[in-house]
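Participant: Dropping a structure here in structure tokens format, bear with me for questions.
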Amino acid sequence: MNIPEYILIAASSGRMLAQAAKKAGLKPLVIDLFSDLDTQRFAEDFKRVSTLAENHLTPAVDYFTERYEVGHVIYGSGFEYHPESLRYLSGRLILLGNHPDTFAKLHDKAVFFSTLDKFSITHPDVCFSAPPRTGNWLVKPMQGQGGLGIKRYHRGDSAGPPVYWQQYQAGTQHSVLFLADGQAAQVIGFNTQWTIRLSADQEFIFSGIINRCALLNEQKERVADWLKKLVSAYALKGLNSLDFIQAGDKSFVLEINPRPSAGMQLYDAGLLTRHIKASQGELTGDCRCSGYTGYQIVYAKRDIVIPDGFEWPDGCMDLPGSGVMCRTGQPICSIMARQKQAQSVMDELLIKQLNLIKGFYPHGI
């Protein structure tokens, strides 16, 4: 089993994976879009790029391979918009995680939902041309992340980039974090997620997640059984998550994120090392967590510039540097809370967000 010393991390935001790699005793080298203060602290070295397109990744990869003995790469969020870049990375380094072909197949929505139908896995109704009648439909991008680009469909709306239509399904939003070795699935934990409405066209933006899930055991077992079928069908490897809606006794699958997701931060279970091992065909360890952990993104309600010398309250992460402009609707930072009771976690997240906003007051923001 090969656990490398240096590990290249490529993602829209590399902090989460860099922090996990550092904790695992590895030396992370990070390519991302922000190079926030936390990422700089955890990384051995870093390069900021404007996009994850191949032409922007190439000089950054060259920089690291010329200076460090790095032969492995882990990818995070952001490649939904640049799947071709995963092929480039896999041609340069050993890719830890799902193969680019697997990643692409999971984003072929027509094939994905037909696969769900094949295994009798319930999901909201979908169609790949504009619905012939009005109703409670959503229009969703074929390639997207974090709820970006999802909006309610109104008859006559122009479709724009490649999209599909999905019947809106009420219920509670959940995900299950799991490891896979290409054949078998190992459930890490079930989570509850929530979204935020930032505008009329940004109504379903990912906002936070907690490792609490008020599902019955038989409901969890049903989703776990679905995972076994999907892992085998797609030869999934490493850390993945499956998003679903729970409505009464029914579960409706939305998508699989074939990469480490935000829920990874909720579990202190050596998941980065286990991701590497699972990518190489070995499922190890067990996940026992006590108490609850919540993670939430704080979005800007209007344009702000981070003041010089701003003192970030405890529990804030993904911190932008002084002078950085956070536009309306963009993330300012993230916050985390750990408590013995789930409601205490939610209360603490709210208090931390209020303290953060309050901290801007002396600066006239």
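Participant: When a footprinting reagent is the concern and you count Cβ atoms within 10 Å, what order do H123, H275, H154 take, fewest first?
Facilitator: Arranged by neighbour count, lowest to highest, H123, H275, H154 become H154, H123, H275.
Participant: Here's another thing I want to ask about it. Starting from the amide H of Y299, placed 1.01 Å from N in the peptide plane, find each other amide H under 5 Å away whose residue is 5 or more places distant or on another chain.
Facilitator: So Y299 has HN proximity to I332.
Participant: Dipole of the chain (Lys/Arg Cβ +1, Asp/Glu Cβ -1, origin at the Cα centre): which of A269, A110, M325 lies farthest to the positive side?
Facilitator: A110
Participant: Does segment 206-259 come out rounded, prolate or oblate by the C-alpha gyration tensor, with a ≥ b ≥ c the root eigenvalues, rounded set by a/c under 1.5 and, if not, prolate when a/b is larger than b/c and oblate if not?
Facilitator: Oblate.
Participant: Could you compute the FRET efficiency for Q143 and K23, with r as their C-beta to C-beta distance and R0 at 35 Å, rounded to 0.05?
Facilitator: 0.70
Participant: For the chain, divide the Cα radius of gyration by the Kirkwood radius and give the resulting Rg/Rh value with two decimals.
Facilitator: The Rg/Rh ratio comes out at 0.95.
Participant: Can you tell me which of 226-238, 302-314 comes out highest on packing, and rank the rest after it, using the mean Cβ neighbours within 10 Å?
Facilitator: 226-238, 302-314
Participant: Return the sequence-ordered ³J(HN,Hα) values of segment 228-237 in whole Hz as given by the Karplus equation 6.51 cos²θ - 1.76 cosθ + 1.60 applied to θ = phi - 60°, using x for Gly and Pro.
Facilitator: Running phi through 6.51 cos²θ - 1.76 cosθ + 1.60 with θ = phi - 60° gives 4, 5, 6, 4, 5, 5, 9, 6, 5, 9 Hz.
Participant: While we're looking at this one, here's another question. Given charges of +1 on the Cβ of Lys and Arg and -1 on the Cβ of Asp and Glu, with all other atoms neutral, how large is the dipole of segment 104-279 about its Cα centre, in debye to the nearest 20?
Facilitator: Dipole magnitude for segment 104-279 comes out near 160 debye.
Participant: Within the set K140/K228; K109/K340; K229/K277; K27/K301; K109/K352; K47/K109, which residue pairs have Cα atoms separated by over 29 Å?
Facilitator: From the list (K140/K228; K109/K340; K229/K277; K27/K301; K109/K352; K47/K109), the Cα-Cα distance tops 29 Å for K109/K340; K27/K301; K109/K352; K47/K109.
Participant: Please work out the C-alpha center-to-center distance from segment 173-248 to segment 329-358 and express it in whole Å.
Facilitator: Here the two parts' Cα centres lie 22 Å apart.
Participant: What is the packing order of peptides 246-254, 333-341, taking the mean over residues of other C-beta atoms within 10 Å and listing the highest first?
Facilitator: 333-341, 246-254
Values quoted throughout were computed directly from the atomic coordinates according to the rules given, and no laboratory measurement underlies them. Computed from a predicted structure; not experimentally measured. Note that we place each Cβ from the backbone using ideal geometry, even for glycine, and neighbour counts take in every protein chain shown.
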